[in-house]
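What follows is a set of notes on a single structure, which appears directly below.
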Amino acid sequence: MSTPINHYTDVLKNEVIVFNPGEGEILAIADNKITLKVTSEISNNQMGVYEILLQPGTVGAQLHYHRYMDETFIVNKGTLTVQLADKTIDAAEGSVVYIPRFTPHAFRNSSDSVVVTTLIFNPGQNREGFFFGLKEILTEQPIDPSKFLKLYDKYDSVSLNTENALPG
């Protein structure tokens, strides 16, 4: 006979995970970095939290949208340029930019200084797989745009301009 399930009380557990500054798995692409903090595995696919370091002049992503997840940027350092369908904003340090699904957006570092942003996907949708694939694609020579578009499609990113989808 199986153990009866207690439907009346919760079981309290301490499953807290702390990532101190600089901690997490780091994916380096050229002089840019993606640090995996809260992955889909950790959060039971409820969210993904990643720290992105963009060097001056770096495009993080061209204009695209997501069908199944929302995206939030928290600017930790510098000024992040975020392009929306109808305008471009310069999100200064401390800014929070929430982008609901189906909202076209792009982001880049248009400044002369490093930008560090925390990127949150909700739900997580195993987004770290996208970052591993991105590193692989952007370190291959020559870069294969069709492979990038397959990666985009797999990880719920829909490019608004497939001729110019690659970040850089």
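The values are calculated or read from the model by the stated rules, or taken from the named source; none is laboratory data. Being a predicted model, the structure only gives us computed values, none of them experimental. Neighbour counts run over all protein chains shown; Cβ positions are idealised from the backbone, glycine included. Side chains included, ligands, DNA and RNA excluded: accessible areas come from the protein's heavy atoms. Shrake-Rupley method; radii C 1.70, N 1.55, O 1.52, S 1.80 Å.
The angle between the Cα long axis of helix 145-154 and the main principal axis of the chain comes to about 30°, on a 0 to 90 degree scale. Solvent-accessible area of Tyr68, all protein chains in place: 120 Å² (probe radius 1.4 Å, heavy atoms, ligands and nucleic acids excluded). At the residue level, Glu25 shows approximately 100 square angstrom of accessible surface with a 1.4 angstrom probe and all protein chains present. Taking Lys and Arg as +1 and Asp and Glu as -1, the other residues whose beta-carbon sits under 12 Å from that of Val116 total 0. The calculated FRET efficiency for the pair Asn44 and Lys77, based on their C-beta separation and a Förster distance of 25 Å, comes to about 0.25.
Here the dipole of segment 56-168 is about 160 debye; that uses its Cα centre as origin and unit charges on the Cβ of Lys and Arg (positive) and Asp and Glu (negative). Using Cα atoms only, what is the angle between the long axis of helix 127-139 and the major principal axis of the chain, expressed in degrees (0 to 90) to the nearest 10? With rounding to tens, the tilt is 30 degrees. With a sphere of radius 12 Å drawn around the Cβ of Gly48, what net charge do the other residues whose Cβ falls strictly inside it have (Lys, Arg +1; Asp, Glu -1)? That works out to -4.
Spread over its residues, the convex hull of the C-alpha atoms of segment 4-81 is 160 Å³ per residue.
Close amide H contacts of Asn32 (hydrogens built in the peptide plane, cut-off under 5 Å, sequence separation of 5 or more or a different chain): none are found.
Of Thr139, Thr103, the residue with the largest accessible area leads and the full order is Thr139, Thr103 (1.4 Å probe).
Probing with 1.4 Å while keeping every protein chain in the model, the per residue accessible area of the chain equals 59 Å².
The three principal axes of the Cα atoms in segment 127-168 give end-to-end lengths of 24, 23, 15 Å, sorted in falling order. For the set Thr79, Thr58, solvent exposure ranked by accessible area (probe 1.4 Å, protein chains only) runs largest to smallest as Thr79, Thr58. Around the amide H of Asp70, modelled in the peptide plane, lie the amide H atoms of Arg101, Asn122, all under 5 Å away and 5 or more residues distant in sequence or on another chain. With the convex hull drawn over the C-alpha atoms of segment 58-168, the volume per residue is 99 Å³. The apolar share of the surface of the chain, taken as the fraction of accessible area on carbon and sulfur atoms (1.4 Å probe, ligands and nucleic acids excluded), comes to 52 percent.
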